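To start, the structure under review is shown below, and the notes come after it.
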Amino acid sequence: MKIHFKFRCFVLIAAALMASGCADREALTLQSASPIPQELTNEKELSDTYEAKGNNEASDLYTPLNYENQISAWISYIELADMLSDDEEEFRQSVLNMFEQLSETGCNTVYVHVRAFSDSLFESEYYALSKYLPTKNGEPCYDPLEIMTDCAHELSLSFHAWINPLRCESEEYIEASSDTLIYKWYKNSDSYDEYISLIDGHFWLNPCKSEVRELICDGVREIAQNYEIDGVVIDDYFYPTTLESFDESSYAESGGNLSLEEWRLENCSLLVSEMYSALKAENESLLFGVSPSGNIDNNYSVSYADVRIWCSEDGYLDYIAPQIYFGYENQVCPFLQTLEEWRELVTNENVKLVCALAVYKLEQENEYIENTGIIAEQISDAFESGCDGISLYSVAWLISDEQRLAQEREAVKLELSERIY
């Protein structure tokens with residue numbers, strides 16, 4: 001195992017994150033982030049789209065802030081739920097404090113959850129409001145997404161909107177969302193067979209349905225049109241089950257020319273390519289990324305994510321951030337071996353490889369607990385192997401003032417300070 005101790009000389013970063021949020025907000029359980037080509041839009045089609053929308057003038061387009069080498073942190077709905085106070089200024093200050101700590105640690109990019117359950121952290125034409133969003137008389141108290149993009153850019157942080165496109169809320173929440181397409185599909189299951197299905201307590205949208213993919217793409221366009229984001233990222237929540245019953249009637253209607261597995265892979269590839277094209281049609285300079293499972297085999301056998309295609313052909317991704325959430329001693333996917341497998345898999349020079357690392361395991365897995373500096377060492381190995389960047393899941397452990405985690409953060413800070421990005 002390639003772990004060694006490094007003496008650090010930097011002063012510990014202040015880790016004071018203002019606690020906020022409604023007192024009666026329900027307790028949350030931490031969830032791990034995470035997350036066949038159609039004829040794809042070419043440059044002329046993109047140009048024509050801009051002209052049709054009246055966006056062909058460069059001055060009309062936001063110029064995204066992105067970095068050659070991403071150093072990113074994931075900020076999930078769980079962390080946001082604790083920060084979303086009824087008071088706008090309190091929320092803004094909490095966001096600034098968090099972003100300042102990330103910037104001081106060496107991050108230049110944030111992935112922020114704006115759609116965790118096919119909901120919306122802002123007023124949307126297509127999705128119901130998130131239950132975590134503070135409201136008064138049914139209206140948002142303020143616009144968290146606008147505040148967060150402003151705060152990020154104030155500190156020169158790139159802001160990527162993190163979306164879970166297929167996972168929906170519970171039945172109770174969907175029942176209360178009667179003005180959405182999702183509710184219509186849920187309520188009229190005979191007319192909309194398999195558009196939305198209950199799996200393990202949550203409803204899930206089905207990517208085989210063109211109307212589902214259109215809704216998701218409309219949501220992507222809406223964010224790009226209304227906010228100065230720098231990119232969109234989705235994680236590993238694709239198909240929620242391998243059960244044939246999930247979409248057996250839709251598969252039968254497809255004609256069965258492909259095996260079920262091939263058909264599901266094609267559906268996810270259509271979703272990814274259409275999201276990519278929708279974002280690029282709004283602003284070609286915005287980045288689109290996917291963060292799939294770090295176990296390459298599981299992408300195919302469990303979630304039906306055709307990562308080999310996405311990383312070898314144009315029209316799917318600008319970057320891929322596989323969740324290589326494994327230690328050096330992992331028996332199934334040892335870190336160095338898995339890192340090399342991903343390095344070999346990304347063959348398209350237009351797709352960057354961002355290595356996602358499991359900071360949360362510093363409190364959950366023996367190898368991470370017992371080896372000081374393991375995340376810093378993995379960062380070093382990722383860059384030495386040729387990765388274009390790293391992402392750290394998640395922010396809760398990066399800003400903690402617990403002594404051992406603060407020491408680990410100092411190791412990360414020192415490792416990043418030695419690199420030009």
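The values are calculated or read from the model by the stated rules, or taken from the named source; none is laboratory data. The shown structure was predicted, so the numbers you read here are calculated from the model rather than taken from an experiment. Cβ: placed from backbone, ideal geometry, glycine included. Neighbour counts: every protein chain shown. These accessible areas exclude ligands, DNA and RNA; they are computed on the full protein's heavy atoms, side chains included. Shrake-Rupley method; radii C 1.70, N 1.55, O 1.52, S 1.80 Å.
A few remarks follow.
- Within the set 156, 72, 85, the sole residue that is outside any helix (DSSP H, G or I) and either surrounded by 24 or more Cβ atoms within 10 Å (Cβ to Cβ) or in contact with a His (Cβ under 8 Å, 6 or more places away or on another chain) (or both) turns out to be 72.
- Boolean, residue 305 is more than 19 Å from the chain's Cα centre (by Cα) and open to solvent by less than 20 Å² (accessible area, probe 1.4 Å): no
- Count - residues of the range 77-101 that are over 19 Å from the mean Cα position of the chain (by Cα) and among the small types (Gly, Ala, Ser): 2
- Subset of the range 210-244 (residues that are open to solvent by 70 Å² or more (accessible area, probe 1.4 Å), part of a helix (DSSP H, G or I) and more than 22 Å from residue 146 (Cβ to Cβ)): 211, 214, 244
- Considering 356, 396, the condition of being open to solvent by 10 Å² or more (accessible area, probe 1.4 Å) and not in a loop (DSSP other than H, G, I, E, B) is satisfied by 396 alone.
- Residue 239 fulfils the conditions (1) on the phi > 0 side of the Ramachandran plot; (2) modelled with pLDDT of 95 or more except for a single criterion, (1).
- For the range 277-302, the candidate set comprises residues that are aliphatic (A, V, I, L, M) and open to solvent by 10 Å² or more (accessible area, probe 1.4 Å); within that set, the residue that is farthest from residue 354 (Cα to Cα) is 281.
- The range 180-197 residues that are at pLDDT below 95 and in a loop (DSSP other than H, G, I, E, B), paired with ones that are buried (at least 21 other Cβ atoms within 10 Å of the Cβ) and small (Gly, Ala, Ser) (beta carbon under 8 Å, 6 or more apart): 180/128
- Hits in the range 125-139 (condition: over 19 Å from the mean Cα position of the chain (by Cα), open to solvent by less than 30 Å² (accessible area, probe 1.4 Å) and not hydrophobic (A, V, I, L, M, F, W, C)): 134
- Pair list, Cβ under 6 Å, 6 or more apart: the range 60-77 residue at pLDDT below 95, other residue of a type outside the set (Asp, Glu): 61/283
- Subset of the range 239-276 (residues that are touching a strand residue (DSSP E or B) at 6+ places or on another chain (Cβ under 9 Å) and either among the charged types (D, E, K, R) or over 26 Å from residue 198 (Cβ atoms) (or both)): 247, 276
- Test: residue in the range 371-384 that is at pLDDT 95 or above, part of a helix (DSSP H, G or I) and aromatic (Phe, Trp, Tyr): yes
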